[in-house]
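Contents: one structure, followed by commentary.
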Amino acid sequence: MAPPLLLLQDTRLTFGGTPLLQGAELSVSAGERVGLVGRNGSGKSTLLKIAAGLVQADSGTRFVQPGATVRYLPQEPDLSGFPNVLAYVEAGLGPGDPDYRARYLLEQLGLTGDEAPASLSGGEARRAALARVLAPEPDILLLDEPTNHLDLPAIEWLESEIASSRSALVLISHDRRFLEDLTRATVWLDRGTTRRMERGFKFFEEWRDAVLEEEERDQQKLARKIVAEEHWMRYGVTARRKRNMRRVGELADLRQQFREHRRALGTVTLTSTEAETSGKLVVEAEHIAKAYDGRPIVRDLSIRIQRGDRIGIVGPNGAGKTTLLKMLTGELAPDSGTIKLGTNIEMATLDQRRAALDPTRSVRDTLTDGRGDQVFIGGNPRHVIGYMKDFLFTPEQAGTPVSSLSGGERGRLLLACALAQASNLMVLDEPTNDLDLETLDLLEEMIDDYAGTVLLVSHDRDFLDRTVTATIAYEGDGNWTVYAGGYSDMVAQRGHGVQSRAGEKPAKEVPKPAEKPAAEKSAGKRKLSFKEKHALEQLPKTIARLETEIGKLAEKMQAADFYTRDPAGFAKTSAALEKAQGELSRAEEQWLELEMLREELGG
């Protein structure tokens with residue numbers, strides 16, 4: 001086995017008197033792909049920070065192979081102190097790293113590099129941080145939730161980029177498909193310690209369940225042994241005979257072992273409160289359309305949603321998924337066409353922005369709406385502490401303000417609020433954000449058991465496959481198509497996944513308005529955007545650089561003895577040549593499109 005590039009041994013760390021890590025270990029060798037999994041709050045991010053050298057453990061050993069480069073992606077990147085995004089990304093490059101990688105990755109991630117850090121959204125900051133850690137092509141990549149805030153095109157591009165990278169990988173993610181596709185080993189952090197399986201995440205759940213069953217059997221054996229020893233203590237020793245002090249000591253040790261055993265954390269209990277049955281027809285949309293500032297968001301969509309349907313909505317960021325969801329639920333009126341809602345509809349909504357949560361309110365007041373200690377579920381009162389425990393909140397958190405909760409805790413609190421409402425139509429906008437894998441499993445089961453109708457927006461491919469019966473997919477230029485089945489079924493039917501809006505082409509001919517006078521056309525004519533002008537200026541330089549790079553690689557490949565002398569080097573050079581040729585082709589196509597657009601707009 002190859003020596004590890006990075007090794008953590010017997011890592012121990014205590015926060016506020018509570019042990020977080022108790023002998024945790026992590027080993028990464030060259031080229032390994034390791035998934036780090038565990039419940040929210042188990043210490044995964046902390047262990048990754050220790051591996052990155054950003055947090056000092058109370059005790060334990062951290063070893064990094066001399067000369068090995070490590071890059072760490074935090075959940076909340078800090079871009080302060082940099083004049084623009086490009087400077088932030090280039091600051092992550094090491095000596096000898098090619099600077100063109102920074103611009104290439106930013107372009108692939110939908111950024112120019114000229115953006116000011118203070119103006120970035122959460123998703124844009126995450127894209128910039130990804131470019132920073134990927135640009136140097138380090139020996140070890142430590143990625144903490146890299147798909148957070150990314151849309152489906154970006155997630156699938158990132159998966160492809162990491163898969164083709166030679167870097168070793170340690171990955172924390174709640175995206176099951178992302179983990180399954182990229183990992184070849186799994187480290188499970190549970191109750192402060194780690195267990196390792198030399199197989200990818202695809203096999204994790206079966207292995208985890210077997211481990212927990214074996215642990216439960218061991219605990220039952222220990223309990224039976226304690227009972228037997230206590231029986232001996234009471235009846236096996238007479239008052240006249242000297243006690244066997246060794247067995248007395250062993251009994252004390254057994255009791256201590258049983259007391260100190262930390263059982264697996266409880267599971268979230270998700271039960272929806274169902275209202276009276278709705279009518280058979282829930283939503284009927286006929287030829288609906290919506291546009292903002294002349295840009296079509298929805299164009300001529302018709303759909304009938306019936307009781308019991310589970311409808312997923314997918315598309316890139318900015319396509320209008322939330323707008324479409326609001327139109328289908330009657331919250332937003334279409335510009336044209338009709339929306340008809342069925343009879344007896346009672347709706348519960350989960351908002352991706354957590355807008356329903358008041359950050360100044362406590363957990364108790366959020367659940368009870370400030371009305372004492374009772375939560376009313378389906379009209380029946382229940383004590384708030386008991387309901388909190390169903391969602392893994394402790395009694396001590398009842399008075400905790402929402403603002404101090406983690407992202408995962410906010411997600412669980414919003415779920416608790418939504419599921420307490422009586423409903424027969426559940427509207428879920430990005431419900432999987434910040435939820436751990438176990439909670440996602442239970443949410444899937446709840447949706448499966450729900451007797452009503454579900455409308456769902458998500459970027460989680462596996463979650464969509466497990467929950468929806470039909471998928472509304474964005475096709476570009478305001479066009480949406482309904483496909484039977486989940487995300488994988490949609491891909492099989494249309495031949496590709498969700499594409500980014502940057503590369504979209506109109507799917508239908510847009511009716512042209514009546515001709516305007518020349519002076520009026522000139523006054524209202526579209527101009528090249530700043531981003532398009534910048535690309536026109538930079539693309540010729542990029543094309544020239546790629547042509548030079550391709551020439552050097554091709555010349556290197558032509559050496560007669562290259563393959564026999566260095567097969568690994570030959571394969572690496574061949575892959576680099578193919579990649580550079582692909583980048584050149586894309587750059588030339590982009591330049592040609594922009595140049596034609598510039599000529600069409602008159603310079």
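We did not get these values from a lab; they are worked out from the coordinates using the rules stated. This structure is a prediction, so every number in the text was calculated from the model and none was measured. Cβ placement follows ideal geometry from the backbone for every residue including glycine, while neighbour counts extend to all protein chains displayed.
The protection proxy used here, the mean number of other Cβ atoms lying within 10 Å of each residue, ranks peptides 119-127, 291-299 as follows, highest first: 119-127, 291-299. Across the alpha-carbon set of segment 327-417, the Rg to Rh ratio works out to 1.08, Rh being the Kirkwood radius. Temperature 25 °C, viscosity 0.890 mPa s: under these conditions the Stokes-Einstein estimate for segment 4-206, based on its Kirkwood radius over C-alpha pairs, is 141 µm² per second.
Percent of C-alpha pairs per 10 Å bin in segment 383-436, short distances first: 21, 54, 23, 1.
Segment 421-495: D in µm²/s via Stokes-Einstein (Kirkwood Rh, Cα pairs, 25 °C, 0.890 mPa s)? Once the numbers are plugged in, D ends up at 185 µm²/s. Kirkwood radius and radius of gyration were both taken over the C-alpha atoms of segment 525-600, and their ratio Rg/Rh is 1.20.
Pairs Lys552/Lys579; Lys44/Lys321; Lys541/Lys579; Lys221/Lys389; Lys44/Lys389: which are spaced more than 25 Å apart, C-alpha to C-alpha? The pairs that break the limit, which is 25 Å between Cα atoms, are Lys44/Lys321; Lys221/Lys389.
Find the eigenvalues of the gyration tensor of the Cα atoms of segment 273-503, then list the square roots of 5 times those eigenvalues as equivalent ellipsoid semi-axes, largest first, in whole angstrom.
So the equivalent ellipsoid measures 32, 19, 17 Å along its semi-axes.
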